[in-house]
Amino acid sequence: MVRVTAVSNPRLALAFVDYMATQGITLTLRNSSNAAEIWLTDANHLEHLQHELQQFLVDPLSRRYQAASWQTGHTDARLHYQGYSYLQALCSKAGPLTLSVMGLCIAVYILMQLLGDSTLMYWLSWPRDRSQYLQLWRGFSHAFLHFFLLHITFNLLWWWYLGGPVEKCLGTGKLLVLTVASAFFSGWVQSLFSGALFGGLSGVVYALIGYVWLSGERAPACGLMLPRGLMVFSVLWLVVGYFDILGMSIANAAHVVGLMIGLLMAFWDTRQRTRLEQ
């Protein structure tokens, strides 16, 4: 037998075991002190199992696993449950960079409420003139600035939902490159339209939207996926921003540039991956 992985939530582990049973692969569960261990009976199925495990780790709450439990599950699994807090659920789908950016955005937002927007923008905004060009952190630090609660909540939810899977599947380095590149270029183009007085993670978020969606369409085996309905919603939201329907100041140029960067990077990465597979 081969030990495949350990899952802190035993019910999710059982759902995966049930799902693999519908694929003709037999797995067994063993309870350890703090997790449910998944073991493979037949090592000949290891390659296929690893592919399915990647999909499961990206979205363990998918309906296909719940449906499999109804179809093949048993009532005598004798699972031993431990507490599973919201914080554990948050961290289970995010890597260190995802969580660090979330923490920085929250810390900056709190400081903005205490010290005022202008104080933090003085240090973190896009360069206002040539005297600030050598302050290289300004090329991406503007992404940490958020001006109201809905602004930061919306951006961080998307960041966690998309950035976490990218970091889990492709590594921290890939997420870092995508984040810095999209923050810089979306900020640069936005500054041409509005000057230095803007902020927010939305340019990076739109880059992640484009990257995850196109990667899932062109190379599903990479483990990334964004439902087409959410992609349509994101584009419609971008259009709404251009027509100023909601009466809010929206960094439309940053959104468009971020989306284009994400699509281009996804096209390049999936093209390279296809060549390697051939």
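The values are calculated or read from the model by the stated rules, or taken from the named source; none is laboratory data. From a predicted model like this one, the values you see are computed outputs, not experimental measurements. A quick note on method: Cβ atoms are made from the backbone with ideal geometry, for glycine too, and the neighbour counts reach across all protein chains shown. Surface accessibility is based on the protein's heavy atoms, side chains included, excluding ligands, DNA and RNA. Shrake-Rupley method; radii C 1.70, N 1.55, O 1.52, S 1.80 Å.
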**Message:** Restricting to the range 86-130, name every residue that is crowded, with 18+ Cβ neighbours inside 10 Å, farther than 28 Å from P165 by Cα and not small (G, A, S).
**Reply:** M112, L120, M121, W126, P127
**Request:** Kindly indicate whether any position in the range 75-88 is at pLDDT 85 or above and under 20 Å from K168 (Cβ atoms).
**Result:** no
**Asked** Would you say L157 is of a type in the set (A, V, I, L, M), open to solvent by 30 Å² or more (accessible area, probe 1.4 Å) and not in a loop (DSSP other than H, G, I, E, B)?
**Response** yes
**Item:** Verdict on P165 being open to solvent by less than 30 Å² (accessible area, probe 1.4 Å), of a type outside the set (K, R) and not in a helix (DSSP H, G or I)
**Value:** no
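Identify all residues within the range 190-230 that are assigned to a helix (DSSP H, G or I), surrounded by fewer than 18 Cβ atoms within 10 Å (Cβ to Cβ), out of contact with any His (no Cβ under 8 Å at 6 or more places or on another chain) and aliphatic (A, V, I, L, M); write none if there are none. Explain how you work it out, then say what you get.
Quick first cut of the range 190-230, residues assigned to a helix (DSSP H, G or I) only: 190-194, 202-218, 220-222, 228-230.
Filter once more, so that each one left must be surrounded by fewer than 18 Cβ atoms within 10 Å (Cβ to Cβ): 192-194, 217-218, 220-221, 228-230.
Retained after the next criterion (residues that are out of contact with any His (no Cβ under 8 Å at 6 or more places or on another chain)): 192-194, 217-218, 220, 228-230.
Within the range 190-230, L192, L230 qualify.
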**Tally of residues being in contact with a helix residue (DSSP H, G or I) (Cβ under 8 Å, 6 or more places away or on another chain) and modelled with pLDDT under 80 across the range 36-48** = 1
**Asked** When both residues are 6+ apart or on different chains and their Cβ atoms are under 6 Å apart, which pairs have a first residue that lies in the range 1-16 and is of a type in the set (K, R), and a second that is surrounded by fewer than 20 Cβ atoms within 10 Å (Cβ to Cβ)?
**Response** R3/W39
**Asked** Are any residues in the range 5-41 surrounded by 19 or more Cβ atoms within 10 Å (Cβ to Cβ) and in a strand (DSSP E or B), and if so, which ones?
**Response** V7, L27, A36, I38, L40
